[in-house]
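Report on the following structure.
Where a number appears in this text, it was derived from the coordinates with a stated rule and is not lab data. Note that the coordinates shown come from a computational prediction; the quantities given were computed from them, not determined experimentally. No Cβ is skipped: glycine too gets one built from the backbone with ideal geometry, and neighbour counts run over all protein chains shown.
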Amino acid sequence: MSDSGKGESPQGDSGESLPRSGAVRYVIEPLSTRHAVASFRSGAAYLDWYLDTQARRLAAADVSRTFVLVFADAPSDGNVPDGVPIIGYFTLEAGIMPTAFLELPEIQRHAIAELLPGAAAVADGSDPLAIALKELPVVYLACLARDRQYHGKGYGGALLVAALREAAEAATHIGAAGIFLVATEEGARLYRDYGFVAFEDFPRKMFLPMPDVRAFCAALPNVNTV
Ligand SMILES: CC(C)(COP(=O)(O)OP(=O)(O)OC[C@H]1O[C@@H](n2cnc3c(N)ncnc32)[C@H](O)[C@@H]1OP(=O)(O)O)[C@@H](O)C(=O)NCCC(=O)NCCS
C-alpha cells in the first residue's frame, strides 16, 4: 500500500503552498460541467483526452461513470471562470474478464476459483450443477490518473482507494467478481501495491478479487486526506 508518510512539505509545481502531508483535504465527486477538464495533464495523453472529450459524453450515455478528486475547499457553485481544478480522476464501467485469471495461484484461495472446473464438468456431464463460465462479470477500472503537478504526493493511492469503495458498493447491487484493469507501467506499480495480480502472459492486465476489495475498504480509514 502507498506510504502516505512520503512527500514531506508538498508544494505544487504551480508554486502554491500546500499543507504538509496528511493535511490536504479532498473530496471525490461525480464529474460535472463545473470541473476544468481541458486543463488536466496527467502525462498520459490518452487519459487527458478521455477526460476532456469522452468522460461526460459516456456518462450521459450510461456507459461509464467518472469521479474527480478536488480540494475540499474548492468553490461549490458555478462561479469559477475556468472551472474547478481536477487533481485526479477515475472511471468505472461494468465489464467482463477472461476466466483464465482464475488459474492464477493468488486467486485460488477465493471461492470464485471453485467455479473453474465447471467447463470440463459441463462437457463430460459429470457435475449437473456445474456452469461453464467463459467470462466473469467485473467492475472495469477504465481510467485513473492524477494531474502531474501533484506527482509524488499520494493522490494515486487516494484515487484508487476511492475507486475500490465505489466498486465494493456497486458489487452489493450487481454481481462483480472483482476489479479488472489494463495498467500503464506507472499504474501497474500502484496496483501491485494494493494487491492486484497480473496475467502471466500479459502483465498489464490486472485483477483484484472482490473479497480483497472489501477487505481493503474495511481496513482503510475513510479520512479523505493526503
Ligand atoms: C499511476 C498514478 C496514478 C500513480 O500515482 P501516485 O501513486 O500518486 O504516484 P505518482 O506517479 O504521482 O508519483 C510516484 C512517486 O511518488 C511516490 N509516492 C507514492 N505514494 C506517495 C505518497 N503517499 N507520498 C509521497 N510520495 C508517494 C512513489 O514512491 C513514486 O516515487 P518515485 O518517482 O521516486 O518512484 C500516476 O503515476 C499517474 O497518474 N500517471 C499517469 C497516468 C497513468 O499512467 N495512470 C494509470 C492508468 S492504469
Once the principal axes of the Cα atoms of the range 45-139 are found, what is the range along each, listed largest first in whole angstroms? 67, 27, 25
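When the Kirkwood radius is taken over all Cα pairs of the range 131-226, what Stokes-Einstein diffusion coefficient follows at 10 °C and 1.306 mPa s, in µm²/s?
Numbers: Rh = 14.1 Å.
Using the Kirkwood radius from Cα pairs, D works out to 113 µm²/s.
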Please report how far the C-alpha centroid of the range 45-75 lies from that of the range 200-219, rounded to the nearest whole angstrom. 23 Å
Run the simple label-point estimate for THR53 and VAL80 please: 7 Å along Cα→C-beta, distance reported in nm. 2.4 nm
LYS134 to GLU106: extension gain in nm, 0.36 nm per residue of separation minus the Cα-Cα distance? 8.1 nm
Would you mind ranking CYS217, CYS143 by Cβ crowding within 10 Å, fewest neighbours first? CYS217, CYS143
Please report HIS110, HIS173 as a ranked list, fewest other C-beta atoms within 10 angstrom at the top and most at the bottom. HIS173, HIS110
Two-site FRET efficiency, ARG41 against ALA121, from Cβ-Cβ distance with R₀ of 45 Å, rounded to 0.05: 0.30
Show me the GluC sites (Glu not before Pro) within the range 129-204 that DSSP assigns to loop and that have at most 12 other Cβ atoms within 10 Å of their Cβ. GLU200
Per DSSP, the loop-located trypsin sites (Lys or Arg not before Pro) within the range 51-159 having at most 11 other beta carbons within 10 Å are ARG109, LYS134
Could you compute Rg(Cα) / (2.2 N^0.38 Å) for the range 162-203, with N its residue count? 1.28
In debye, nearest 20: dipole of the chain around its Cα centre with unit charges on the Cβ of K, R (+) and D, E (-)? 380 debye
Rounded to whole Å and ordered largest first, report the semi-axes of the equivalent ellipsoid of the range 26-219 derived from its Cα gyration tensor (root of 5λ). 35, 16, 14
In nm, the gap between the two label points placed 7 Å beyond Cα toward Cβ at GLU186 and ALA94 is 3.2 nm
